[in-house]
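Undergrad: Submitted below is the structure of interest, expressed as structure tokens.
Just so you know, all these numbers are worked out from the coordinates, no wet-lab data involved. Keep in mind that what you see is a predicted model, and the values were worked out from it rather than measured. Ideal geometry is used to build each Cβ from the backbone, glycine not excepted, and the neighbour counts take in all protein chains shown.
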Amino acid sequence: MTARTPAQDWPVPIGEAARRAGVSARMVRHYESLGLLPPVGRTHSGYRQYTEADVHALQFIGRARTLGFSMEEIRKLLGLWQDKGRASSHVKRIAQAHINDLGERIAAMQAMQRTLQTLVACCQGNDRPDCPILDDLAAAPESSRAISPMG
């Protein structure tokens, strides 16, 4: 069981909210500017004041970012998280689309890796100026398709 911060410790300034959420104050302001957080209260001096709910939302956003969700996906997920009448199928659809996108990006990166491995294997790596790596990079798109993962 995790200990909860006493109610009297809320609200907190931006630096403390960022620390508790595990993000930077700069990112907190960025998330606010994107509308991912509702407008927060301010002191008479104009300093932002964050509630426990705000910090929890920041933690949610931070975790979603570590899983690679885009800001638009996070916006949708936040809305669903805050909607207690949501259907989990909507959440699953977003997560599955993200999994599919990750799979495509991984496949593209693996193809790039294979291409570079082939080019490195073809390079003698000696004192001569001949270099198939540079030749491939300098080749016209049609010429490099035989090796390129995107071709």
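Undergrad: Scan the stretch 69-102 residue by residue and report those that are surrounded by 12 or more Cβ atoms within 10 Å (Cβ to Cβ) and not in a helix (DSSP H, G or I).
TA: Matches in the stretch 69-102: Phe69, Ser70, Arg86.
Undergrad: Here is a further query. Any idea which residue in the stretch 22-57 is nearest to Trp81 (Cα to Cα), counting only those that are part of a helix (DSSP H, G or I) and touching a Leu at 6+ places or on another chain (Cβ under 7 Å)?
TA: Ala57
Undergrad: Pairs, please: C-beta under 9 Å, at least 6 apart or cross-chain, first residue among the aromatic types (Phe, Trp, Tyr) and in the stretch 21-43, second assigned to a loop (DSSP other than H, G, I, E, B)?
TA: Tyr31/Val23; Tyr31/Leu37
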